[in-house]
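Enquirer: I'd like to ask some things about the structure below.
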Amino acid sequence: MTTRDLPSRQQPRWGMLLAFLLLTLAVAATAGLATEPEIAGWYRTLVKPAFNPPNWIFAPVWTTLYILMAIAAWRVCRVTGLFAWAMALFFVQLGLNFAWSFLFFHFHQIALALCDILALLLAILLTTVSFWRIDRTAGTMFLPYLAWVSFAALLNAAIWKLN
């Protein structure tokens, strides 16, 4: 089956893929603006648990996750269209993801960031299940994100407790 054989809603829509990539990477870049100045300052002064990864690991992991998110959303969107429940969940989790960096790094609100990341974790789980039901590859692409944010929530909780 070629792309010409797919129903019109399932056409590749390469422009839509580019839009999702630009959106998720813009979220990443903007969150990075809130995060970067605090790494050598405020964040360095926090007591962190022994399982805290080195700072250099975060950028490549998050970049990979944002790209996977974008591709997964594109795969689902080409089936459901932009105004579907699964896509609403995608945008909710993206918004919660965006907010976390500002809450934690910019405003130094560790407890509020923990509340946000727990809501984010639920939103990612719901998005993953929703995506899985529409496109198994898209749902699978969200699993590393779910795992990483689970770890990040544990890390956020530990930092809150230690500080």
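Enquirer: What helices (runs of 4 or more DSSP H) completely inside segment 61-163 contain at least 3 residues that are over 18 Å from V27 (Cα atoms) and β-branched (V, I, T)?
Expert: Answer list for segment 61-163: 110-134.
Enquirer: I've got another one for you. Looking at segment 13-60 only, could you name the residues that are closer than 17 Å to F107 by Cβ and not in a helix (DSSP H, G or I)?
Expert: Of everything in segment 13-60, those that are closer than 17 Å to F107 by Cβ and not in a helix (DSSP H, G or I) turn out to be G41, L46.
Enquirer: Separate question: Do you know which residues across segment 98-108 are out of contact with any Phe, Trp or Tyr (no Cβ under 9 Å at 6 or more places or on another chain) and buried (at least 17 other Cβ atoms within 10 Å of the Cβ)?
Expert: The answer is F98, A99, W100, S101, F102, L103.
Enquirer: Does T45 meet the test of being open to solvent by 60 Å² or more (accessible area, probe 1.4 Å) and in contact (Cβ under 8 Å) with a residue 24 or more places away in the chain?
Expert: Criteria not met by T45.
Enquirer: In segment 109-160, which residue that is among the aromatic types (F, W, Y) and open to solvent by less than 40 Å² (accessible area, probe 1.4 Å) is nearest to T80 (Cα to Cα)?
Expert: Ranking the candidates gives F131 first.
The values are calculated or read from the model by the stated rules, or taken from the named source; none is laboratory data. In this text the structure is predicted, and so the values were computed from the model without any measurement. Don't worry about glycine lacking a Cβ; one is built from the backbone with ideal geometry, like all the others, and counts go over all protein chains shown. These area figures cover heavy atoms from the full protein model, side chains too; ligands, DNA and RNA do not enter into them. Shrake-Rupley method; radii C 1.70, N 1.55, O 1.52, S 1.80 Å.
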